[in-house]
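The values are calculated or read from the model by the stated rules, or taken from the named source; none is laboratory data. What you are looking at is a predicted structure, and each value in this text was computed from that prediction instead of being measured. Here the Cβ positions follow ideal geometry from the backbone for every residue, glycine too, while neighbour counts run over all protein chains shown.
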Amino acid sequence: MGEVMQPLDSDLMRSFLAVADAGSVTAAAGRLYRTVVALLDEAAIALREKPLVGPVRVGIPDEYSGTVLPRALAAFDERHEGVQVSVRCDHSAAQMQALEADELDLAVIYDWSYTEGGEVLCIDPTVWVTSIAHAQHLRSPLPVGLYFRSDWCKDFAEASLNRQGFDWRVAWQCDLAAGFRVAVTNGLAIAPLSRSTIPAGCRELTTEDGFPIVDSARVVLRRNPRGTSSAVEGMADMLRAAFAPLRREGVR
């Protein structure tokens, strides 16, 4: 059995990801409220760590496939060329099934039932979102984007509209949150999106607009119970670091 690498310190991992995301050490230092010298020292320590090797299979929600995770995954892949990263982008229920079937090592999922198990990465409520320019939320009946054949939509999204007494219609249906962002940005519908993923030119519909929060889902890291490796632990560290800004900012 090969030598097991100790997980990177979370501060070091955040520094590494910040440099990758910001494009420069100076910009990253400002973001982390550190001096350039301190950040360089930490980055140097991180880069001296022995690169990881081996396969890692990770599942991520579609909601974060265009926001916090792609650059972090790319930075991890570039740093650890000996790791074969396989990413599965799917809904949470499918990710849990894949974990149970030994098709994934790690999965980032939404847990709106607050069940036991897993490591909470952050709380990122689902909210109704509208285009600032098109203001579709002022129309009647209200044009709404919903997922195909989704129990979550029935139990949470539709229920929140019905409780408020809205006259609404389905104006857009899709299987991915990326489709909702297209619909909202172009003024075709309002849609339920995680608060941290609201697109530019759009805004959250709040209680002042008559819209409640749809849910207060936890973003949870789940593991395959069959075992782990240094590469899997390194990926888990990276996922914690990627969601750390959301946890600190409290996107509640």
**Prompt:** Gly165 fails exactly one of the following numbered conditions: (1) in a helix (DSSP H, G or I); (2) not aliphatic (A, V, I, L, M); (3) not assigned by TED's automatic domain parsing to the domain that holds Met96. What is the number of that condition?
**Reply:** (1)
**Request:** Name every residue in the stretch 95-113 that is in contact (Cβ under 8 Å) with a residue 24 or more places away in the chain and either farther than 18 Å from Phe243 by Cα or of a type in the set (D, E, K, R) (or both), in order of residue number.
**Result:** Gln95, Met96, Ala98, Leu99, Asp102, Glu103, Leu104, Asp105, Asp111
**Asked** If you go through the stretch 112-130 one residue at a time, how many are in a strand (DSSP E or B) and surrounded by fewer than 18 Cβ atoms within 10 Å (Cβ to Cβ)?
**Response** 3
**Message:** Looking at the stretch 122-168 only, could you name the residues that are on the phi > 0 side of the Ramachandran plot and either aliphatic (A, V, I, L, M) or touching a His at 6+ places or on another chain (Cβ under 6 Å) (or both)?
**Reply:** Ala135
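Report, by residue number, each residue of the stretch 111-129 that is within 22 Å of Gly145 (Cβ to Cβ) and modelled with pLDDT under 90.
Trp112
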**Item:** Breaking point among (1) touching a residue at least 60 places away in the same chain (Cβ under 8 Å); (2) in the same structural domain as Ala107 (by TED's automatic domain parsing); (3) over 15 Å from the mean Cα position of the chain (by Cα), for Gly201
**Value:** (2)
**Message:** I'd like the residue in the stretch 136-180 that is aliphatic (A, V, I, L, M) and free of Cβ contacts under 8 Å to residues at least 24 places away in the same chain and, out of all such residues, is farthest from Asp90 (Cα to Cα).
**Reply:** Leu138
**Request:** Residue by residue through the stretch 66-90, note down the ones that are among the hydroxyl-bearing types (Ser, Thr, Tyr) and at pLDDT below 85.
**Result:** Thr67
**Prompt:** Across the stretch 185-239, what is the total count of residues that are within 16 Å of Cys122 (Cα to Cα) and outside any loop (DSSP other than H, G, I, E, B)?
**Reply:** 15
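Quick test for you: out of Arg169, Arg181, pick the one residue that is closer than 24 Å to Arg247 by Cα and touching a Pro at 6+ places or on another chain (Cβ under 8 Å). Write out each step before concluding.
Values: Arg169 fails: closer than 24 Å to Arg247 by Cα.
After applying the criteria, what remains is Arg181.
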**Fill in**
Those residues of the stretch 137-155 which are surrounded by 12 or more Cβ atoms within 10 Å (Cβ to Cβ) and part of a loop (DSSP other than H, G, I, E, B) amount to Arg139, Ser150
